[in-house]
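The values are calculated or read from the model by the stated rules, or taken from the named source; none is laboratory data. Only a predicted model underlies this, so the values are computations on that prediction, with no experimental measurement involved. Neighbour counts run over all protein chains shown; Cβ positions are idealised from the backbone, glycine included. Please note that ligands, DNA and RNA were not included when accessible areas were found on the heavy atoms of the full protein model with its side chains. Shrake-Rupley method; radii C 1.70, N 1.55, O 1.52, S 1.80 Å.
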Amino acid sequence: MNTATARSIRNIFGKTLINTADATSVEQAMHIADLDYRVAKVDIHSTYLDPNGAGVIDFPSHAGIIRTDTLKPLSIMSAKYGVLQNDEVLAPLDILMREGIVESIPQAGYTNDGARVFMLARLSGESALDSFDPTHRNILIATTHDGSGATTARGWMERVACANQMPTMVSKKGSLMQIRHTANAADYLKDFRAAVVGAVRSIETFEQQIIELSNTRILASTAEKFIKAMFPVAPSLLNTREELLTRGQKSQVTRAIAGRDRLRWLIEEAPTNENVRGTAAALFHSAVEYSDYYSAGNRVERALYGRDIAFKAKALELAAQ
């Protein structure tokens with residue numbers, strides 16, 4: 001495992017996504033990442049006390065979803081909610097591996113005690129960026145056991161130089177393909193394959209965007225304009241004496257200045273962007289690296305759930321200008 005990949009697992013995802021690169025099948029990857037658990041629906045009851053003693057109330061219109069190994073409650077859903085097991089959702093990846101579309105499964109894992117499940121599948125073949133900026137082409141498959149969403153597939157690229165995580169951003173919301181939860185195995189496989197094909201196409205489109213950015217030289221003034229646009233703050237606040245600012249205004253100014261300084265360093269000095277220095281691609285990659293490694297909050301959940309899309313899509317749009 002190269003240094004960049006190790007950094008990705010350790011610094012961004014921690015224990016959320018486990019290294020499963022040695023797995024030769026979905027079953028092995030699931031076992032390594034502790035995804036081979038089962039979920040089940042259970043009845044919901046509530047006890048109460050009144051002057052006549054204790055009683056039990058049933059809630060027949062709803063059911064609890066639990067992990068059967070840990071008995072952890074994952075969610076409360078309608079009684080009509082259909083449970084899909086992890087192996088049922090992820091099994092089509094085995095077919096794609098046999099067909100040579102998927103090369104390996106480098107990472108897999110879960111969040112929220114197992115309510116949300118993720119598996120990263122590496123695609124076969126080289127990226128169009130490999131000749132000047134080696135990049136891994138992946139598909140991120142996600143499913144849920146808490147009713148928060150359908151099974152999804154998203155194009156997901158990892159830049160080797162810095163292990164930046166780049167979900168394909170054909171639109172500002174990211175390019176996300178949903179796979180219907182259906183009891184018909186043939187239909188599910190068809191939907192799964194279509195979602196993966198769509199994700200691959202989004203990767204190809206995204207690669208062309210990055211190539212265009214890499215071929216576009218920029219001026220120092222362009223970089224500075226980009227930095228200020230990524231971390232906007234009203235000039236009036238910057239020009240106001242600190243003692244005249246409210247606590248909220250001080251915080252806003254401090255965050256903007258710190259963000260600008262870090263992004264400026266990533267663009268101008270960071271060794272991870274040496275091979276694209278002076279191009280519009282350096283602007284985008286630096287913003288992605290900032291989001292992945294230096295931003296506040298839970299970076300793991302932001303990346304896996306697509307909450308980083310808005311910031312990264314803004315960076316892509318501004319860099320293209």
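Criterion applied to LYS225, LYS190 was being under 30 Å from GLN252 (Cβ atoms) and surrounded by 14 or more Cβ atoms within 10 Å (Cβ to Cβ), and the one residue passing it is LYS225.
Among residues belonging to the stretch 277-308 that are open to solvent by less than 10 Å² (accessible area, probe 1.4 Å), assigned to a helix (DSSP H, G or I) and touching a strand residue (DSSP E or B) at 6+ places or on another chain (Cβ under 7 Å), point out the one that is farthest from SER214 (Cα to Cα). So, considering only residues that are open to solvent by less than 10 Å² (accessible area, probe 1.4 Å), assigned to a helix (DSSP H, G or I) and touching a strand residue (DSSP E or B) at 6+ places or on another chain (Cβ under 7 Å), the one farthest from SER214 (Cα to Cα) is LEU304. If I filter the stretch 99-112 for residues that are over 22 Å from the mean Cα position of the chain (by Cα) and not aliphatic (A, V, I, L, M), do I get at least one hit? Yes, that holds for at least one residue. When LEU140 is tested against the conditions (1) of a type outside the set (S, T, N, Q); (2) farther than 22 Å from GLY100 by Cβ; (3) within 16 Å of the chain's Cα centre (by Cα), the lone failure is (2).
Listed by first and then second residue, the pairs with beta-carbon distance under 7 Å, at least 6 apart or on different chains, first residue in the stretch 83-104 and acidic (Asp, Glu), second open to solvent by less than 50 Å² (accessible area, probe 1.4 Å), are ASP87/MET30; ASP94/SER25; ASP94/VAL26; GLU103/ARG122; GLU103/LEU123; GLU103/SER124. What pairs come out if I take residues in the stretch 259-270 that are part of a helix (DSSP H, G or I) and pair them with residues that are of a type outside the set (D, E, K, R) and open to solvent by 80 Å² or more (accessible area, probe 1.4 Å) whose C-beta lies under 8 Å away, six or more apart or interchain? Final answer for the pair search is ARG262/TYR294. GLU212 falls short on exactly one of the conditions (1) acidic (Asp, Glu); (2) free of Cβ contacts under 8 Å to residues at least 40 places away in the same chain; (3) surrounded by fewer than 20 Cβ atoms within 10 Å (Cβ to Cβ), and that condition is (2). Applying the set (1) at pLDDT 90 or above; (2) over 30 Å from SER202 (Cβ atoms); (3) open to solvent by 20 Å² or more (accessible area, probe 1.4 Å); (4) of a type in the set (D, E, K, R) to LYS80 leaves exactly one unmet item: (1). Among the residues of the stretch 276-304, those identified as more than 14 Å from ARG159 (Cα to Cα) and in contact (Cβ under 8 Å) with a residue 60 or more places away in the chain are GLY278, THR279, ALA280, LEU283, ARG299, VAL300, GLU301, ALA303, LEU304.
Considering ALA185, ALA163, which residue is open to solvent by 10 Å² or more (accessible area, probe 1.4 Å), modelled with pLDDT under 90, more than 15 Å from PHE118 (Cα to Cα) and among the aliphatic types (A, V, I, L, M)?
On the way: ALA163 fails: open to solvent by 10 Å² or more (accessible area, probe 1.4 Å).
The match here is ALA185.
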